[in-house]
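> So that we are looking at the same thing, I have put the structure below in structure tokens.
The values are calculated or read from the model by the stated rules, or taken from the named source; none is laboratory data. None of the values given here were measured: they were computed from a predicted structure. Methodologically, a virtual Cβ is constructed for each residue, glycine included, from the backbone with ideal geometry; neighbour enumeration extends over all protein chains shown. All accessible areas refer to the heavy atoms of the entire protein, side chains included, with ligands and DNA or RNA removed. Shrake-Rupley method; radii C 1.70, N 1.55, O 1.52, S 1.80 Å.
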Amino acid sequence: MALDLHAMEEKWQKAWEKDKTYKFDAKSKKPTYSIDTPPPTVSGVMHMGHAFAFTQQDFIARYKRMQGFEVFQPFGFDNNGLATALMVEKKLKIRQSDYSREEFIKLVLEHTREQEKLMEERFREIGLSVDWTLIYRTIDKLARKTAQYSFLDLHKKDRLYQKEAPTMWCPKCGTAVAQAELEGRDIDSTFNDIVFKTEDGKDVVIATTRPELLPSCVAVFVNPKDKRYKHLVGKNLTVPLFEMKVPVIADPRADPEKGTGIVMCCTFGDQTDMEWYFAHSLPMVISISQHGKMTEKAGKYAGLSIKNARREITKDLKEAGLLVKQQPITHTVNVHERCKTEMEILHTKQWFVRYLDLKDEYIAKGEALQWIPKHMKSRYNNWINGLQWDWCISRQRFYGVPFPVWYCKKCRKPKLASEKELPVDPIKDKPKGKCECGGTEFEPENDTFDTWFTSSLTPQINGKWVEDKKFFKKIFPMDLRPQGHDIIALWAFNTIVKSLFHQQQLPWKTITINGWALDSKGKKMSKSLGNVIEPRKMIEKYSADVLRYWAGLPTLGEDVPFQEKELVAGKKFVTKVYNAARFVSSACEGLGKVSESKLKLWPEDKWILSRLNSVKKESTEAMESYEFSKCLNPVRNFFWLEFADYYIEEVKHRIYGENKESKKAAQFVLRKVLWETNLLLAPFLPHIAEEIAHGMFKNLLKEKSIHLEHWPKIEEEMINPKAEELGKAIAEIISAMRKQKSQAGRPLNTVVKKAVVTVPEPEKLKCAEETIKQTMKVESLEFKKGDTISVETKLAE
């Protein structure tokens, strides 16, 4: 009867849950292996990238458990912050501004609970060996308490400051964002050559892609080496349409090759505008509001959106004869990675973590981490080298972890909550005690933390840093951080920053960086492109083990195009493993405990046992190096191409023969190879491995699950190069005979009347004569000496 993979997988998932197979035992005397699991964002369903990354993480967890570690592998949900709020706004077609803060938070939490439940079901389906009792959320009480405690600790260490300053701002989301949340995107735009006027009425043409910023123009800059405009330095120009007079200033940051070589400075169009503003003490003119509308400084354009203002101002410039040329261009702009809206730079009051002075230390600490793959460290270093701003951690959003801060109405100084009060919501809760000035009335801080301010504390959250020091010491620093390469700047870097500030050490010993699951053409999967492949559909069509098989094939860190043919191959392999196990189970029925030293092994036995141990060695070294594909691929090839295709066929005559001694040796080897190969495959194909262990070889189990058994030990004394060389020659001879039968259109059980085998050393093959004859139904076998292996056969009529 064919095996129902789906029913089998559901059976074992329920059994693991019931038996608490993967439950973490904090009191265990085993060495702990702790994993800083990435919490998927609660803003959609589980996609193929999730299945790819979390399965690869699970390979490592399962291997470490079989190596005798007490594995700490919790599961989390990132339901905190902007991404979650935006998802709810989009799905329900609402905006947070339409609700009170309390109403909006309640709405988001209700919706995320439904989404979490669905996501948890999907993640369970791929057979993760996590402890499902250790679910954490980046918005729950412990996470809020930990994030607020982190804020207080950073404040004590003088690493926090609050100030009004130019800030990267998303007008769509209505909040400040950090540098790490920016994404460069190429967009089509237009260079507009606009006429400014000198004091004596002459034209000066300035090129800009943003005419809507004309009301914020506070100066014009030229390069001091540019002779074309040297005569203008120190004079004033009149801004078209708005009639303000602004100074012309020389500064080497003006690029003579860009546009017309003379550039307007607006507060603020880009980073250079900010630098000029501070360097030359320029005035501040804000013409764009926090909601992406033009302010009263824009005159008749007030209230228009940025794009509409750009269109209207361009139109008026044309009508006034002040737009002399337009040139289409494509240029890179910063967009918000969450909503893809073009960023603005606004002057706002924000909280910052001061860390720019520690860039060298962060790079040095990164060297102490084990990066898998190694080249991913360069992304971390490049990010740090490119840092220009301190970390802006405040967000002007309702939903998120609130700052534990109030402001005294009398002196405006911030008053922080005490550690004992945490977690607090300053909008609901009142501060204890008076302000330093004696004031007793306070206003709450309305902002929330940047979601990464909390997510960067996952080791501290899971390790119960603020609640259980003993447990934290057991878990921290963690052994492994698995994550994607797209959030090295956002998650890896900020987690390192926080741990160095709070614990003065790195948060983990090793960081593994997984790649992306792409579509079949190598493009990122996206709903807009219509190329998304849902893991559940693939599980329904094939099985969870087959999907896991696919995830185990590529090298860690590699972006992989999804090819369904690999799942077809995976299902064939799973079926092959199961069928081979059924044969071995039947062939070894009644075989009890065997004294290996008393067995008389045949050449093929010595060959397959040597190959088994060579593969065990190769696989163990690969898993220790987090190169799981270099474990799965060799094990698969060994099992299918050597054990199943050759060894099983070579010993069938002994299994069904009358020689008990020969049969017992074959049975022992069959069972040993099948059992230990099943152990090697267990991290990759956990369901079928469990089914084989319990359904066919339960007498070999020492634990309640194969996943609690020990990883097979390498028996160095059994690795025999000469035996492997002989076994390979036997397989080559058998393969040649099979080919000749196939080419003749005859079945493989066709009798060979006579076979002449030419080999370099005939005397070494004499010991395998019986194996070859019985396997290939050869009546007469002759060996001849020659340079290479060749076979001539005469088939029976």
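> Please give the helices (runs of 4 or more DSSP H) falling wholly within region 641-717 in which 2 or more residues are farther than 19 Å from ASP19 by Cβ.
Once the helices (runs of 4 or more DSSP H) in region 641-717 are filtered for at least 2 residues that are farther than 19 Å from ASP19 by Cβ, what remains is 648-655, 660-681.
> Another question, if that's okay. Considering only region 86-132, state which residues are basic (Lys, Arg) and over 27 Å from ASN462 (Cα atoms).
LYS90, LYS91, LYS93, ARG95, ARG101
> Turning to a different aspect of this structure: Among the candidates ARG654, ARG636, single out the residue that is crowded, with 17+ Cβ neighbours inside 10 Å, among the basic types (Lys, Arg) and within 21 Å of MET737 (Cβ to Cβ).
ARG654
Let's see how each residue does on (1) under 16 Å from LYS616 (Cβ atoms); (2) open to solvent by 20 Å² or more (accessible area, probe 1.4 Å):
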{"position": "PHE668", "(1), (2)": "no, yes"}
{"position": "LYS672", "(1), (2)": "yes, yes"}
{"position": "LEU679", "(1), (2)": "yes, no"}
{"position": "ASN699", "(1), (2)": "no, yes"}
{"position": "SER705", "(1), (2)": "no, no"}
{"position": "HIS710", "(1), (2)": "yes, yes"}
{"position": "ALA729", "(1), (2)": "no, no"}
{"position": "SER735", "(1), (2)": "no, yes"}
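> Please work out which residue is nearest to THR267 (Cα to Cα), limiting yourself to region 294-343 and to residues that are of a type in the set (Asp, Glu) and loosely packed, with under 15 Cβ neighbours inside 10 Å.
Only one residue fits best here, namely GLU296.
> Please verify whether region 65-72 includes one or more residues that are touching a strand residue (DSSP E or B) at 6+ places or on another chain (Cβ under 6 Å), farther than 18 Å from ASN514 by Cβ, assigned to a loop (DSSP other than H, G, I, E, B) and open to solvent by 20 Å² or more (accessible area, probe 1.4 Å).
Among the residues of region 65-72, at least one is touching a strand residue (DSSP E or B) at 6+ places or on another chain (Cβ under 6 Å), farther than 18 Å from ASN514 by Cβ, assigned to a loop (DSSP other than H, G, I, E, B) and open to solvent by 20 Å² or more (accessible area, probe 1.4 Å), which makes the answer yes.
> I need the full set of residues from region 6-35 which are hydrophobic (A, V, I, L, M, F, W, C), crowded, with 17+ Cβ neighbours inside 10 Å and in contact with a helix residue (DSSP H, G or I) (Cβ under 7 Å, 6 or more places away or on another chain), in order please.
Across region 6-35, the qualifying residues are MET8, TRP12, ILE35.
> Okay, moving on. Criterion first (surrounded by fewer than 17 Cβ atoms within 10 Å (Cβ to Cβ) and modelled with pLDDT of 95 or more) does LYS235 satisfy it?
Yes, satisfied.
> Hey, another quick one. Six or more apart or on different chains, Cβ under 6 Å: which pairs go from a residue in region 16-43 that's within 15 Å of HIS707 (Cα to Cα) to one that's in a loop (DSSP other than H, G, I, E, B) and not charged (D, E, K, R)? Could you list them?
THR21/SER705; TYR22/SER129
> Still on this model: Just checking, how many residues over region 179-202 are open to solvent by 10 Å² or more (accessible area, probe 1.4 Å) and among the β-branched types (Val, Ile, Thr)?
Adding up the residues that qualify gives 3.
> On to the next question. Given the criteria among the basic types (Lys, Arg), free of Cβ contacts under 8 Å to residues at least 60 places away in the same chain and part of a helix (DSSP H, G or I), does ARG113 qualify?
Taking the combined requirement at face value, the residue satisfies it.
> If you don't mind, another one. Within region 350-357, can one find any residue that is free of Cβ contacts under 8 Å to residues at least 24 places away in the same chain and open to solvent by 20 Å² or more (accessible area, probe 1.4 Å)?
yes
> Moving to a separate point now. When ASP153 is evaluated against the numbered criteria (1) within 30 Å of VAL405 (Cβ to Cβ); (2) at pLDDT below 95; (3) surrounded by fewer than 20 Cβ atoms within 10 Å (Cβ to Cβ), which criterion, by number, is the only one it fails?
(2)
> Without any contact (Cβ under 8 Å) to a residue 24 or more places away in the chain and either closer than 15 Å to PHE638 by Cβ or charged (D, E, K, R) (or both), is that true of GLU676?
So GLU676 fails the test.
> Name the residue that is farthest from LEU82 (Cα to Cα), counting only residues in region 378-397 that are small (Gly, Ala, Ser) and more than 19 Å from the chain's Cα centre (by Cα).
GLY386
> Go through the residues of region 257-267 one by one and say whether even a single one is buried (at least 20 other Cβ atoms within 10 Å of the Cβ), basic (Lys, Arg) and under 25 Å from GLU183 (Cβ atoms).
no
Table: residues versus (1) over 18 Å from ASN381 (Cα atoms); (2) open to solvent by 20 Å² or more (accessible area, probe 1.4 Å); (3) in a strand (DSSP E or B); (4) in contact with a Pro (Cβ under 9 Å, 6 or more places away or on another chain).
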| residue | (1), (2), (3), (4) |
| --- | --- |
| VAL466 | yes, yes, no, no |
| GLN483 | no, no, yes, yes |
| ASP486 | no, yes, no, no |
| PHE493 | no, no, no, no |
| SER499 | no, no, no, yes |
| ILE511 | no, no, yes, yes |
| LYS521 | yes, yes, no, yes |
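> Determine whether VAL205 is surrounded by fewer than 19 Cβ atoms within 10 Å (Cβ to Cβ), under 18 Å from LYS245 (Cα atoms) and either modelled with pLDDT of 95 or more or among the charged types (D, E, K, R) (or both).
yes
> Kindly indicate whether ASP545 is in a helix (DSSP H, G or I) and touching a His at 6+ places or on another chain (Cβ under 7 Å).
yes
> Which of the residues that make up region 604-632 are under 24 Å from ALA551 (Cα atoms), open to solvent by 40 Å² or more (accessible area, probe 1.4 Å) and not small (Gly, Ala, Ser)?
LYS617, GLU618, GLU621, GLU624, GLU627, LYS630
> Only one of VAL594, VAL568, VAL546 is open to solvent by less than 10 Å² (accessible area, probe 1.4 Å), over 19 Å from the mean Cα position of the chain (by Cα) and closer than 29 Å to MET696 by Cβ. Can you tell me which?
Unique residue meeting the criteria: VAL546.
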